[in-house]
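This report refers to the structure that appears directly beneath it.
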Amino acid sequence: MVNNYGARLAEALRIAKKDRQELADGIGVSVQAIGQVIAGKTKALTAENSALAAKFLGVDMFWLATGMGKPKIVTKPSSQWPFSISVESFLAIPEEEQNRISEYIEFCVNKWHVAHPPKK
C-alpha cells in the first residue's frame, strides 16, 4: 500500500504515463499545486480535484483518496459499451441480476424518450 496521498498521486501519474503538467492542465490546477501535493507540502487535493485526477489518470478514486484497494486502471467506456464498469465486471454477476439491470436500463431509456419526444 502506498502510504500517503502524494505518493499515490505520483504512482497514478506513473501508471498513466502522464506528467505533472498534463495532470494540472487536465484538472485545472497549477503544476505547482500538483508538485506541492507530491512533495507532501500539502496533504491532498480537494475532494473534487482528487476525483477529477483519478478519472483523468484512469485510476480508482477510492484507492487514490485512501490507499485502500488497488490502483487498478479504470477502463474508459467504448462507443459500444457506455458504462464506466467493464463488460467483464457486468458479465461476472449472475444472469438473473444482469437481466434485472438490463430491464431497468430499458425502462429508464423508454421513460426518457417519452419525456423527450423527437421534435418535428
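Taken together, the criteria place E88 among residues that are in a helix (DSSP H, G or I), more than 21 Å from V29 (Cα to Cα) and modelled with pLDDT under 85.
Within segment 37-60, the set of residues being in a helix (DSSP H, G or I), under 16 Å from the mean Cα position of the chain (by Cα) and closer than 14 Å to N4 by Cα comprises just one member, S50. Annotation: of all residues in segment 77-119 being among the small types (G, A, S) and closer than 30 Å to F56 by Cβ, the one that is surrounded by the fewest Cβ atoms within 10 Å (Cβ to Cβ) is S79. Checking I15, I34 one by one, the residue that is modelled with pLDDT of 95 or more and either assigned to a loop (DSSP other than H, G, I, E, B) or not charged (D, E, K, R) (or both) is I34 and no other.
Would you confirm, using the coordinates I've provided, whether A65 is touching a residue at least 24 places away in the same chain (Cβ under 8 Å) and not in a helix (DSSP H, G or I)?
Working: touching a residue at least 24 places away in the same chain (Cβ under 8 Å): yes; not in a helix (DSSP H, G or I): no.
Spelling it out, it is not the case that A65 is touching a residue at least 24 places away in the same chain (Cβ under 8 Å) and not in a helix (DSSP H, G or I).
The values are calculated or read from the model by the stated rules, or taken from the named source; none is laboratory data. Quick caveat: nothing in here was measured; it's all calculated off a predicted structure. Positions of Cβ are generated from backbone atoms using ideal geometry, with glycine treated the same way; all protein chains shown enter the neighbour counts.
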